[in-house]
Amino acid sequence: VTAIMATLALVFLTGAMHEDGIADCADGFGGGIDRQRKLEIMRDSRIGTYGVIALVLCLALRIVLLSQASIDGSMAVMLIVMAVTSRATMPIVMHVLEPARSDGLGKGAGHPNLSIVAGGLVIALVLVLILAGPLVVLAIAIAMIFAVALVGWIAKCQIGGHTGDVLGTTQIVSELLVGIALIAVIQAA
């Protein structure tokens, strides 16, 4: 129940913005034939089968991870670590990839310079170090790199860059991979 309530709180706090992004990306990338059609589907406010499946699986995985952390007594740490590190990955995608559209949230978010990107990463990883220790920092950094590389590569191949939906997907995928890494380290210890 605690994990479900924590997930509900996260969704309400963000207005489900990142969840909308992963659903839109799943629909666009899964249902579009070409770049233009993928972008059209992503901009459509309706949700399709790919989006529903992605959303349900991501929410379920978040709940499972938080439930496991609750058993270990580390749910508060997990919530903070997942929130901070997953948001530190979005500027990396914004820095590395060009916007896929000439308008929209992704374009409007700008192109952060390397010092901004590095500053966000340092703050996130120092917080992880303080809350969870050096071994966790290494595992989380690897999870963050993998999430950015995976989402960035897929977005580049599918639509040639990033959009606001891709940034939301980056946040969700990073959050889940960071949660998996954190649980793995806790259970290995």
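Before moving on, here are some points about what is shown:
- Distance from segment 33-86 to segment 1-31 (C-alpha centre basis), Å: 5 Å
- Net charge dipole size for the chain [Lys, Arg +1 and Asp, Glu -1 on Cβ; Debye, nearest 20]: 180 debye
- Phi angles across segment 99-111 convert, under the Karplus curve 6.51 cos²θ - 1.76 cosθ + 1.60 with θ = phi - 60°, into 3J(HN,Hα) values of x, 7, 10, 8, 9, x, 5, x, 5, x, 5, x, 10 Hz, Gly and Pro given as x.
- Solvent-accessible ranking of ILE186, ILE123, largest area first, probe 1.4 Å: ILE123, ILE186
- The residues of segment 1-143 expose on average 53 square angstrom of accessible surface per residue, using a 1.4 Å probe on protein heavy atoms.
- Of all accessible heavy-atom area on the chain, the percent that carbon and sulfur account for (1.4 Å): 72 percent
- When peptides 61-73, 164-176, 33-45 are ranked by their average number of other Cβ atoms within 10 Å per residue, the highest-first order is 164-176, 61-73, 33-45.
- The share of alpha-carbon pairs in segment 56-189 lying farther apart than 21 Å comes to 40%.
The values are calculated or read from the model by the stated rules, or taken from the named source; none is laboratory data. Keep in mind that this is a model prediction, so the values were computed, not measured. Note that each Cβ is placed from the backbone with ideal geometry, even for glycine, and that neighbours are counted across all protein chains shown. Calculation scope for accessible area: heavy atoms of the full protein, side chains included, ligands and nucleic acids excluded. Shrake-Rupley method; radii C 1.70, N 1.55, O 1.52, S 1.80 Å.
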